[in-house]
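> Here you go, one structure.
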Amino acid sequence: MADEPLNQPKSDTPSNGLQSPVAKTAARPAPAKTAISAGSPASAQPQPAAAKLKQQKPVKAVVAQPAAVESEEVDSDDFWRSFLIMAPSWLVSLVVHMILILVLAMIYMTTEGDQGAAQIVAAPPEEIALDDLEDLINEEKELDVTDTTLGDPNFEATDTVMISPANDLDAAAQMVDLDPAGTEFAPRNLTQTIGAYSGTGLSGRGSGAKGALLARRGGNIHSEKAVAAALEWLKRHQLPDGGWDFDLTKCPNCGGRCRNSGTSRSRNAATALALLPFLGAGQTHKEGKYRDVVYHGLMFLGRQMKPDGSLNDSGNMYAHGLAAIALCEAFAMTQDKSLHPAAQRSLDFIVYAQDPVGGGWRYQPKQPGDTSVVGWQIMALKSGHMAYLRVPPATVKKAFDFLDHVQSNSGANYGYTGPGQGEATTAIGLLCRMYLGWKKDNPALQRGVEWLSNRGPSKGNMYYNYYATQVLCHWEGDLWKKWNSVMRDYLINTQATEGCEAGSWFFGEGGHDHGREQGGRLYFTALATMILEVYYRHMPIYRSQSVDEDFPL
Ligand SMILES: [Zn+2]
């Protein structure tokens, strides 16, 4: 009932990714607002000064002149002032006219192309120019708010200051050459230091840590083979534009040979879901055999980002949360500065979109939240925090309020939009609690984990399995061993092995996963793959000091 991944009302999908061809890269210059607010004072200056030249006595015109030229004529300005003080007035009148012509000529010649000088020569009347500019500035501010549906002007202002397109582009160019391997985060000697993990929380994906964590936490050669086959399936179903589509008939390599396309039209959600299993396996755009696949996928998301930082192409926050996780994880793993603007802006949009009253998130920004959408946003904030991106503590605190609102059994279970105990929502709520600081000795957490354990893995609800598996894996111990042996082998045995579907999953029977219809085979494949990557996809919460203590509260 409650858990509805990727579930958006059909009336809610006015556009899909294909309708957003305009490339808006991560480092795209700030909207026109920036240019206007920064440029208008400067361009306004010369015009009143020039108007005075035409309308008033020459003496005053000369006094006004330096204001238009400013720094370029500082020395000569002093000279003119001295001359004027010492000379008789008729001489001033004569000489000033001559000098004025010369000065204007010099300015025009020596500052060719300078906008200020050009406006001195052909300036409009003073009052009209000022009025026009003020109107223009006011209009632009209003348009910004309206066009982006951002009700909070402060959000725009902060965003604009933060992004420096020129600097970011420079940094990106350097980092391409200097950036070390994306998995440098992974401690190379981890096999000797098990039990003393540190790092970003994604460190387990490096080749050194991966093997040790895989073995210690219950993965095996068969689960790894399944992951490898799944990545091949995902690669084969990438579209030429770098993104993915839930509709598999859109993929030239597949052409619909795979059954069970999803009905969701969100290219961003499909692309993010497909990218996450690559990142989970330590494959980035800088490291691994799928560099090109990941690179083009990330570039697709970068192009899809709107000026306000949103990636909710399907009209709701599911797509945005998923895409934000992908961007933040990729940045966390590679520290590639060219990803920084997009990753940070995706987080900023989550911060903006939070329900200011209840602290949750839902389809549209600032709506009262539901646990399903909240789960993706909190995971994105967590990934961003691990990447050292800016996550306001106030946002995290408010998210606590939402979890408090939907919890039942004193925090052991969680509902959808109010108190309840759905299986998926309980798993989401508990994982969020773990990431937001609940310790392992918390009685509610203990009872919630036992509740999930007694329920066991679902045969059809991969959304529930995805979250519950993470909760149990972090919990460790016998409950995890019991869960994992069932979950792991079930997925290994249900992976498709024939034809174009080989390497993918689809669960058509016995399940009640609401993402099945919308997300189809791509959705199930992504979730199943990430479940089988659980051993190394995230570092253990209760052994990593950096993961469970540093999140801002
Ligand atoms: Zn196919």
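The values are calculated or read from the model by the stated rules, or taken from the named source; none is laboratory data. On a predicted model such as this, the values are computed, not experimentally measured, just so you know. Quick reminder, even Gly has a Cβ in these numbers, built from the backbone with ideal geometry, and neighbours come from all protein chains shown.
> Might you let me know whether segment 300-315 holds any residue that is away from the ligand (no atom under 16 Å from the Cβ), over 17 Å from the mean Cα position of the chain (by Cα), small (Gly, Ala, Ser) and in the same structural domain as Met386 (by TED's automatic domain parsing)?
No, that holds for no residue.
> When residues of segment 239-255 are filtered for being in a loop (DSSP other than H, G, I, E, B) and within 11 Å of the ligand (Cβ to nearest atom), how many remain?
Selection size over segment 239-255: 5.
> Just the residues that are more than 12 Å from the ligand (Cβ to nearest atom) and under 21 Å from Thr263 (Cβ atoms), please, taken from segment 219-238.
Across segment 219-238, there are no qualifying residues.
> How many of the residues in segment 477-507 are within 33 Å of the chain's Cα centre (by Cα) and within 16 Å of the ligand (Cβ to nearest atom)?
So the count comes out to 9.
> Spot the failing condition for Lys440; the list is (1) modelled with pLDDT under 95; (2) charged (D, E, K, R); (3) surrounded by fewer than 20 Cβ atoms within 10 Å (Cβ to Cβ); (4) within 22 Å of the chain's Cα centre (by Cα), and only one is missed.
Against the list (1) modelled with pLDDT under 95; (2) charged (D, E, K, R); (3) surrounded by fewer than 20 Cβ atoms within 10 Å (Cβ to Cβ); (4) within 22 Å of the chain's Cα centre (by Cα), Lys440 comes up short only on (4).
> Name the residue that is surrounded by the fewest Cβ atoms within 10 Å (Cβ to Cβ), counting only residues in segment 289-306 that are aliphatic (A, V, I, L, M) and in a helix (DSSP H, G or I).
In this case the residue turns out to be Met299.
> Of the residues Gln364, Gln377, only one is out of contact with any Pro (no Cβ under 6 Å at 6 or more places or on another chain) and surrounded by 24 or more Cβ atoms within 10 Å (Cβ to Cβ); which?
Gln377
> Turning to a different aspect of this structure: Would it be correct to say that Gly218 is among the small types (Gly, Ala, Ser) and outside the structural domain of Trp376 (by TED's automatic domain parsing)?
yes
> Given the criteria away from the ligand (no atom under 15 Å from the Cβ), in the same structural domain as Gly360 (by TED's automatic domain parsing), among the aromatic types (Phe, Trp, Tyr) and more than 18 Å from the chain's Cα centre (by Cα), does Tyr290 qualify?
So Tyr290 passes the test.
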